[in-house]
Structure formats: structure tokens, C-alpha cells
1. With respect to residue 72, is the statement that it is in contact (Cβ under 8 Å) with a residue 60 or more places away in the chain, buried (at least 20 other Cβ atoms within 10 Å of the Cβ) and either touching a helix residue (DSSP H, G or I) at 6+ places or on another chain (Cβ under 8 Å) or on the phi > 0 side of the Ramachandran plot (or both) true?
2. Return the only residue of 101, 141, 131, 137 being modelled with pLDDT of 90 or more, farther than 14 Å from residue 10 by Cα and part of a helix (DSSP H, G or I).
3. With 122, 84 as the choices, which residue is surrounded by fewer than 13 Cβ atoms within 10 Å (Cβ to Cβ) and modelled with pLDDT of 95 or more?
4. What are the residues in the stretch 29-62 that are closer than 25 Å to residue 91 by Cβ and free of Cβ contacts under 8 Å to residues at least 24 places away in the same chain, if any?
5. Could you check, for the stretch 39-56, whether at least one of its residues is surrounded by fewer than 15 Cβ atoms within 10 Å (Cβ to Cβ) and touching a strand residue (DSSP E or B) at 6+ places or on another chain (Cβ under 9 Å)?
6. Residues in the stretch 128-147 that are surrounded by 14 or more Cβ atoms within 10 Å (Cβ to Cβ) and touching a residue at least 24 places away in the same chain (Cβ under 8 Å): how many?
7. Can you name the number of the only condition in (1) part of a loop (DSSP other than H, G, I, E, B); (2) farther than 21 Å from residue 127 by Cβ; (3) touching a helix residue (DSSP H, G or I) at 6+ places or on another chain (Cβ under 6 Å) that residue 95 fails?
8. Could you check residue 114 against (1) closer than 28 Å to residue 5 by Cα; (2) in contact with a helix residue (DSSP H, G or I) (Cβ under 9 Å, 6 or more places away or on another chain); (3) at pLDDT 75 or above and say which number it fails?
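The values are calculated or read from the model by the stated rules, or taken from the named source; none is laboratory data. The model shown is predicted, which means the values in this text are computed figures rather than measured ones. As a convention, Cβ positions derive from the backbone with ideal geometry for all residues, glycine included, and neighbour counts pool all protein chains shown.
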């Protein structure tokens, strides 16, 4: 899967979920999230994409320096607007463009370095990051609102979905190594 295709797949899943959530579900602090909200997880996902898109135009990304936009956390419509911006941005983005990625480790005495990447690789990173947070969102929804029907594929990586499908058909490849 190309990074752009993955991005459109994930933004579509996020749109579908946002369209089905009630406003209080988006902003309600959840015990399972240590009082954070579904909206805060959406904000976090979207800010990585925004950081990637802004950094792509400059040739350098520092995810640690991303802007935190609290409006996205409290307003599902703001999140939808950002999703539309991300989707539109895919049209002009070149996956082969090279990027410098600033890495930061630790908070008290941060160690910084840079590595070389590409827009396509960073789209894959943002996709994987989104899958992870959508899985967390799914756990929160299923715990607090067990009657709410969540899309069966939400928060599950395509490779895992493929494995499940192959397993159901009896064609999975089993590895006995880690």
C-alpha cells in the first residue's frame, strides 16, 4: 500500500467514526484513557499528519515540535475539517521527496539527532501511528459504550486483517520463529 492510499484509507475510517459519534462521546473524559477523551486522541493523530504536511514543504520534520490545537480535541467538526485538508493535500504530495527527521529522546537531557527519510515513509509512519490510536479509541468506545457498533476494521492493521482472512480460508503461513 502506498502512503497516500493508506492515508486516504485511514481518513475515511476516521470520517466514518466521527459521523457516527455523538458529541458527548467525542469530548467525554474516559477513565480507561486516564481522563483524556476520544477527541484528544483524534487531535494527536491529526497533528502528526499536519506536522508531516507542513514539514514536507520545508524538507524537515520535527514531530516533537508539533502545534497542539485544542480546538480539534473539543470539536468533531474541526477534526473533519483537518481530515479534508489532509485528503486534499495528498493530491500534490510527492512520496519520493526526501526529508530530514529530527529525533528527540528523553525530556530532561534530550538527545537529538536527525535521519533521512521520505514523504512516503513518513506517511507510512503516520498511518501506523493512526492505527495504534484508533485501536485505543476503539477500546475506549467498546468499554464505555458496549452497545455502540464500531467498524470491524477500525484500529486493525491491514496486514492483520489479511492474516485473519487467510486464517479463515485456511491459507495462513505459520511461523514458529519470533
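1. So residue 72 fails the test.
2. Criteria check complete, one pass: 141.
3. So the residue among 122, 84 that is surrounded by fewer than 13 Cβ atoms within 10 Å (Cβ to Cβ) and modelled with pLDDT of 95 or more is 84.
4. Listed by number, the residues that qualify are 51, 54, 57, 58.
5. yes
6. Of the residues in that region, 12 qualify.
7. Going through the list (1) part of a loop (DSSP other than H, G, I, E, B); (2) farther than 21 Å from residue 127 by Cβ; (3) touching a helix residue (DSSP H, G or I) at 6+ places or on another chain (Cβ under 6 Å), residue 95 breaks only (2).
8. Result: residue 114 passes all but (2).
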